[in-house]
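What follows draws every value from the coordinates through simple rules; no lab data is involved. As the structure is a computational prediction, the values presented were derived from the model and not from experiment. A quick note on method: Cβ atoms are made from the backbone with ideal geometry, for glycine too, and the neighbour counts reach across all protein chains shown.
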Amino acid sequence: MSKRESPKRTSVALIAGPTASGKSDCAVQLALALEKQGRKAAIINADSAQVYADLQILSARPTSEEMGGIEHRLFGTWDGAEACSAADWATKAKGEIAALHAQDAVPILCGGTGMYVKTLLEGIAPIPEITPSIREMVRRLPTHDAYNALAEEDPERHAALAPNDSQRIARALEVVRSTGKPMEHWLKHKSGGIADQIELHPMIMLPDRDWLYERCDRRFLLMLEQGALDEVEKLVARDLDPGLPVMRAIGVREIAGYLRALCSRAEMVEQGQQATRNYAKRQYTWFRRQTGEDWPKVESQNCDIDAIFASLLRN
């Protein structure tokens, strides 16, 4: 990492992991520890659901009380009618990081969207616009058929993806069909990342899975108590494109089905809890496999801020 400026100015903390793992609380603890030293800190959202103003409850966006007096940025910034891609978020995050560094403050990235973090640090591949007709054709294919086609047209990418990873399978297939080059070709030309411009202080939270899944179940019930039904009802009333990320957020489809009388409340709760656990499992696997080997991974539900961020707190 570049240290052309003082560590205090170029440092960026990262607290990431699956949903319900306790990231937000740890981020606030770190920010408070920094402020005790007289150093300003702010938390920057890195969660693809918490970026949407429409999803305060279902995304578990921190409340004013939970923020602990610490400034939070990029929470509820996007309207649900506008898709926020990893590249869109990374552009905004870079701006917030630069602004905080200009104030001699420490940005603390906090969230569970691995692709957001990866894009910010490594940059994005310069993939040309996909031909609309190709995109439409690919997106209509069943995942199984798309996966088999990818084996022929981009074997390397096929080998790297799970058979049920529908989104990335479709993306890889539309890229190779539209550009004539496999995904790996474009990934080798990534640009715009900030990894070599900052001193990163990461922590990945990977608590016991049984504890995590039980917490996911309790959180979904709590969201219902806090008004998730009304939140989804208002969102559905907007009649947005069902393909938008905000409409595909965990819990939206399940609650919308209940509101349309397509399932009972008990069935909705079961489906919502299962969807949350499945999401947490995918995040858990991603952060365990896709992050740096030297990145501290906390395998308990408690984080020792002083120990894990010792070098940052000494600056």
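Could you work out the pair-distance distribution P(r) of the stretch 206-315 from its alpha-carbon pairs, with 5 angstrom bin width and percents rounded to whole numbers? The calculated distribution, bin by bin, is 2, 10, 17, 17, 15, 12, 10, 8, 5, 3, 1, 0. Here the chain is treated as a Stokes sphere of Kirkwood radius computed over C-alpha pairs; at 4 °C and 1.567 mPa s its diffusion coefficient rounds to 62 µm²/s.
Expressed in nm to one decimal, what extension gain is obtained for the pair Ser85 and Arg140 from 0.36 nm per residue of sequence separation less their Cα-Cα distance? The partial results should precede the final answer.
Details: separation 55, 0.36 × 55 = 19.80 nm, distance 2.12 nm.
Full extension of this stretch gives 17.7 nm more.
Were the residues from Ala102 through Leu240 laid out at 0.36 nm apart, the gain over their Cα-Cα distance would be 45.8 nm.
For Asp208, neighbours were defined as the other residues whose beta-carbon sits under 14 Å from its Cβ, and their charges (Lys and Arg +1, Asp and Glu -1) total +3.
Peptides 252-263, 170-181 ranked from most to least packed by the mean count of surrounding Cβ atoms within 10 Å: 170-181, 252-263. Maximal additional length on extending the Ala307-Arg219 stretch stands at 28.8 nm, based on 0.36 nm per residue less the C-alpha distance. For the chain, modelled as a GNM whose springs connect Cα atoms under 10 angstrom apart, the maximal fluctuation among Ser11, Ser64, Ser21 occurs at Ser64.
Here is the link list: Lys23/Lys297; Lys190/Lys281; Lys92/Lys181; Lys94/Lys190; Lys118/Lys188; Lys118/Lys190. Which ones come out longer than 19 Å on Cα distance? Could you put the intermediate results ahead of the total?
On the way: Lys23/Lys297 12 Å; Lys190/Lys281 28 Å; Lys92/Lys181 29 Å; Lys94/Lys190 16 Å; Lys118/Lys188 14 Å; Lys118/Lys190 11 Å.
Correct reply: Lys190/Lys281; Lys92/Lys181.
Please state the relative contact order of the stretch 79-202 as a whole percent: Cα pairs under 8 Å, 6+ residues apart? RCO, the stretch 79-202: 30 percent.
Determine the equivalent ellipsoid of the stretch 164-267 by diagonalising the alpha-carbon gyration tensor, then write out the semi-axes as square roots of 5 times the eigenvalues, largest first, rounded to whole Å.
Working: eigenvalues 244, 112, 42 Å².
They are 35, 24, 15 Å, listed largest first.
Met183: net charge of surrounding residues, Cβ under 12 Å, Lys/Arg +1, Asp/Glu -1, itself excluded?
Details: positive: Arg157, Arg168, Arg171, Arg177, Lys181, Lys188, Lys190; negative: Glu153, Asp154, Glu156, Glu174, Glu184.
Local net charge: +2.
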